[in-house]
Amino acid sequence: MWKNAAAMDDCILTNARIHTMDAARPVARAIALRDNVILALGDENAVRSLLPDATVIDVHDRCVIPGLIDAHLHAELTALGLKTIDAEAPTLDGLLRRVEERAKITPKGVWIRGYGWNQNVWGGTFPTTADLDRVAPEHPVYLTAKSGHAAWGNSLALQMAGVTPSTPDPAGGEIVREANGEPTGIFLENAVELVDRAIPEPTAQQVADAMRDALPLFHRVGLVGIHDFDGQRALQAWQILRERGELRLRVSKTIPVALQGHAIATGVRSGFGDDWLRINSVKSFADGALGPQTALMIEPYDGTIDKRGIRTLGKEEMFESVREASAAGLSSAIHAIGDKANRDVLDVLAMVRREEGSPRLRHRIEHVQLLHPDDFDRLAQLNVIASMQPIHATSDLHIANRHWGKRSAGAYAFRTQHNAGAVLAFGSDSPVESFDPLLGIHAAVTRRRPDGTPHPDGWYPEQRLAVSEVVWGFTMGAAYAAYEEHRKGSLTPGKLADLVVLDRDIFSIDPMEIAETRVLATMIDGEWVWQS
Ligand SMILES: [Zn+2]
């Protein structure tokens, strides 16, 4: 175990395969740190002679990279999700034991939530309130089925939701009942809502607690920072952690477009904040998603006659909104999945760029999942950041093939965007996908899943990137998208001492091995926050 250097003590990591992400010095063998800042890099002797009294840590020829930054993550949803029970259990008894264990560590009266059960795995019979009452009589328990179309509560949950034998079935839903009319605890379709809406929203303090508990999990996978796409309660929660001295993660916070007017009224601008907590962009949506075919398309979805998805924000309205934000110093981060949505956003940003005096604002498109070939070069031309999530490519490939067919050649097109000259900022969209950035790096380098599919070269392998190009997106690209490339993103003298030690050199191993690579240690602000 490496000890944290005492305050003001210098520290040198030696015998390291350092990949700096700094074009001025891409590799080094030693790095010197003073307090929370990088002092120097170079070969062993040069760095050691610079600081003869420094504490020296031999990292045994391991790979050292800048701390990783996830440029698109929903931190509140991720943190609260970690607090719910994994209800995907092979037996009913097994699940009930998990509920019992959770009840032991949860204050009485506090809701216990979970997701993932499937009665068919247990023989086909729905469970009842009595099952849950046996293991958690003093906590309201509500567990959602894997399908999302059913939920199961205990007696206290039903009582707190005001569900009685006389409660009528809602339209499009059913309260499953005994012969005598007594609810069994199972709710189907729209009836799921009856209990859901009785569950209180967590307070900012509770969200802060959940985030604090999630931080070690972020550190374990090498994350030193995130761009957080949740709402204002999350911004409060980060500030609460800051006040408590518990914010051990660098956060760049977006603002929901619904609050844009309020943000402008307070006078806050993108980039406001400090090395720990900084305001990013205003987040809005141009369309839906690929799976439910709500992503907005130029041509109909494959296999349909005229299905083109859903426009969630009119182009005029989008223009007015982005222009207003831009005039107030706020950049925009606009969700766009389909090729038509991406084209609309690019059209709007082109008009906004014409009005902007200086190119200061770091506008970004979130996901950039499908571009029409005519639009390939436009992000680079407009200096718009491509905020992409490499793991989506390998997760979505079958559904993209099905709905987009040959158009998928322009989908999750990392290489196309890189070569066009766009800044790529990579993230995960957790909790939609795992927040482990090594899985993202693996996906962008191989275009294959960890199990090797699709064989042998991956999905549209011409879109693969080199390891250094992907790591750049998870470091410098993300730092640039947060207005802080002068402080973060590379191992450069004067920048913050945020770095990660890996158990193998991802720049030279078989790329398929990147998915198995482990983080040995993570340093934030000169302090080791994780060591295996
Ligand atoms: Zn998202």
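The values are calculated or read from the model by the stated rules, or taken from the named source; none is laboratory data. Given the structure is predicted, the values throughout are model-derived calculations rather than measurements. In this analysis, Cβ positions are derived from the backbone assuming ideal geometry, glycine residues included, and neighbour counts consider all displayed protein chains. Note: areas computed on protein heavy atoms with side chains; ligands, DNA, RNA excluded. Shrake-Rupley method; radii C 1.70, N 1.55, O 1.52, S 1.80 Å.
Points to keep in mind about this one:
- For the stretch 393-532, the Kirkwood estimate of hydrodynamic radius, built from reciprocal distances between every pair of different alpha carbons, is 16.1 Å.
- Net charge, Asn419 excluded, C-beta distance under 15 Å - Lys, Arg +1, Asp, Glu -1: -1
- Separation in nanometres of the label points that stand 7 Å from Cα toward Cβ, at Ala130 and His262: 4.8 nm
- Within the accessible surface of the chain, defined with a 1.4 Å probe on protein heavy atoms only, the carbon and sulfur portion equals 52 percent.
- The chain, helix-only ellipticity at 222 nm - DSSP H runs n ≥ 4, -39,500 (n - 2.57), divided by all residues, nearest 500: -8500 deg cm²/dmol
- log₁₀ of I(q)/I(0) at q = 0.12, 0.14, 0.15 Å⁻¹ - the stretch 48-180, Debye sum with one point per alpha carbon: -0.60, -0.73, -0.80
- For the stretch 244-291, the Cα gyration tensor yields ellipsoid semi-axes of 24, 17, 8 Å (square root of five times each eigenvalue, largest first, whole Å).
- At 1.002 mPa s and 20 °C, Stokes diffusion of the stretch 104-164 via Kirkwood alpha-carbon radius, µm² per second: 179 µm²/s
- Square roots of five times the Cα gyration tensor eigenvalues for the stretch 1-70, Å: 18, 14, 12
- Normalised convex hull volume, the stretch 139-272, alpha-carbon set, Å³ per residue: 165 Å³
- Sites Glu462 and Glu316 - FRET efficiency at Förster radius 25 Å, r taken between beta-carbons, to 0.05: 0.10
- Between Arg177 and Asp374, the FRET efficiency from the beta-carbon distance, with R0 = 60 Å, is close to 0.55.
- Sorting 138-145, 436-443, 92-99 by their mean Cβ neighbour count within 10 Å, with the most densely packed peptide first, gives 436-443, 138-145, 92-99.
- Where the Cα pairs of the stretch 440-519 fall when distances are cut into 10 Å bins, in %: 18, 43, 28, 10, 1
- Over the chain, accessible surface divided per residue gives 41 Å², non-protein components excluded, 1.4 Å probe.
- Among beta bridges that DSSP assigns inside the chain, antiparallel share in %, nearest 5: 50 percent
- Where labels lie 7 Å past Cα in the beta-carbon direction, separation of Asp58 and Ser532 in nm: 2.0 nm
- Cα-based Lys pair tally, the chain, threshold under 21 Å, eight or more apart or on separate chains: 13
- When restricted to Cα atoms, the stretch 89-136 yields an Rg and a Dmax of 11.1, 33 Å, respectively.
- Dividing the Cα radius of gyration of the chain by its Kirkwood radius returns 1.00 for Rg/Rh.
- Rg/Rh ratio calculated on Cα atoms of the stretch 390-453 (Kirkwood radius): 0.96
- The stretch 203-311: C-alpha pair distances exceeding 16 Å, %: 66 percent
- Once both labels are positioned 7 Å from their Cα atoms along Cα-to-Cβ, the gap between Ala46 and Tyr115 label points is 5.0 nm.
- q = 0.09, 0.22 Å⁻¹, the stretch 279-419: log10 I(q)/I(0) [Debye, one scatterer per Cα]: -0.25, -1.36
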